[in-house]
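Take a look at the structure set out below.
Since every read-out is calculated from the coordinates, none of them should be taken as a lab result. Given the structure is predicted, the values throughout are model-derived calculations rather than measurements. Reconstructed Cβ throughout: ideal geometry from the backbone, glycine too, with neighbour counts over all protein chains shown.
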Amino acid sequence: MRIGVLALQGDYAAHRQALGERGIATCEVRTAADLAGLGGIVLPGGESTTMMSFLRGTPLAAALVRSIQAGMPVLATCAGVILLAREVRNPPQDSLALLDVVVERNAYGRQRESTVVPLQVEDAAALGSSTLEGVFIRAPRIVAHAPTVTVLARRGADPVLVRQGQILAATFHPELSANSPVVDRFLSLCGGAP
Ligand code: GLN
């Protein structure tokens, strides 16, 4: 199995490393053709405004939407969650609108307020772990979600790890934590659990 990592901008190299450490083959996705034959796709953190400006109106954006609607497993982290959110606030921004959440960008403060915090796991069986840390870097906050979206972990009252079908979305950066169960959970959605 090969996992694609959207490589337009952001911390795609860290995702490739986290997957590589688990023995998973990865490739960088920059065109629609790069999506062929993938077992799953990672939408990394970075700057969602920049990523959207590279994606908007492209064959890659159309192919991403088609593939995800057709059931391709997704791990979206931080800016990747903003790309998928149905609605983006602060400021408003267009998106691929495939995940039924509303997000507010940069809701936990500026870069210097970046933090590593223990999270509350809501469903240890679904995550495969009862403990989880979150690395937050200018993270968005999920301010609303549809009933079809399951909350797997929270920071205080805020959902920070959610699942909708085959989409796993973290407002933090699991790829920056050693052995994060979030990456393993994603691989099990891809049918290639380590
Ligand atoms: N602040 C970024 C944005 O709004 C997201 C930050 C991140 O991905 N670490 O796009």
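Matching residues to (1) under 27 Å from A25 (Cα atoms); (2) loosely packed, with under 15 Cβ neighbours inside 10 Å; (3) aliphatic (A, V, I, L, M):
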{"site": "L127", "(1), (2), (3)": "yes, no, yes"}
{"site": "P147", "(1), (2), (3)": "no, yes, no"}
{"site": "L161", "(1), (2), (3)": "yes, no, yes"}
{"site": "P181", "(1), (2), (3)": "yes, no, no"}
When the stretch 23-76 is checked residue by residue, the ones that are within 16 Å of the ligand (Cβ to nearest atom) and not aliphatic (A, V, I, L, M) are P44, G45, G46, E47, S48, T49, T50, S53, F54, R56
Those residues of the stretch 147-194 which are among the polar types (S, T, N, Q), free of Cβ contacts under 8 Å to residues at least 40 places away in the same chain and assigned to a loop (DSSP other than H, G, I, E, B) amount to N179
When every residue in the stretch 88-99 that is surrounded by fewer than 16 Cβ atoms within 10 Å (Cβ to Cβ) and within 14 Å of M52 (Cβ to Cβ) is compared, the one farthest from the ligand (Cβ to nearest atom) is A97
Listed by first then second residue, the pairs whose first member lies in the stretch 41-59 and is farther than 23 Å from A70 by Cα and polar (S, T, N, Q), whose partner is within 8 Å of the ligand (Cβ to nearest atom) and assigned to a helix (DSSP H, G or I), with beta carbons under 6 Å and at least 6 positions apart or on separate chains, are S48/A79; S48/I82
Looking across the stretch 114-143 at residues that are in a loop (DSSP other than H, G, I, E, B) and of a type in the set (S, T, Y), the single one that is nearest to T50 (Cα to Cα) is S114
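For the stretch 1-13, which residues satisfy the criterion of being under 23 Å from T171 (Cβ atoms) and more than 11 Å from the ligand (Cβ to nearest atom)? Quick ask: steps written out before the conclusion?
Residues of the stretch 1-13 under 23 Å from T171 (Cβ atoms): 3-13.
Those that are under 23 Å from T171 (Cβ atoms) and more than 11 Å from the ligand (Cβ to nearest atom): I3, G4, V5, L6, A7, L8, Y12, A13.
Scanning for something assigned to a loop (DSSP other than H, G, I, E, B), out of contact with any His (no Cβ under 6 Å at 6 or more places or on another chain), farther than 29 Å from R22 by Cα and more than 10 Å from the ligand (Cβ to nearest atom), does the stretch 100-113 turn up at least one residue? Can you show your working first?
Initial filter on the stretch 100-113 (assigned to a loop (DSSP other than H, G, I, E, B)): 105-110.
Subsequent filtering for residues that are out of contact with any His (no Cβ under 6 Å at 6 or more places or on another chain) retains 105-110.
Pick out the ones that are also farther than 29 Å from R22 by Cα and you get 105-110.
Now narrow it down to the ones that are more than 10 Å from the ligand (Cβ to nearest atom): 109.
Within the stretch 100-113, one or more residues are assigned to a loop (DSSP other than H, G, I, E, B), out of contact with any His (no Cβ under 6 Å at 6 or more places or on another chain), farther than 29 Å from R22 by Cα and more than 10 Å from the ligand (Cβ to nearest atom).
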Scanning the stretch 119-160 for residues that are over 19 Å from L75 (Cβ atoms), more than 16 Å from the ligand (Cβ to nearest atom) and touching a strand residue (DSSP E or B) at 6+ places or on another chain (Cβ under 6 Å) gives Q120, S130, A144, A146
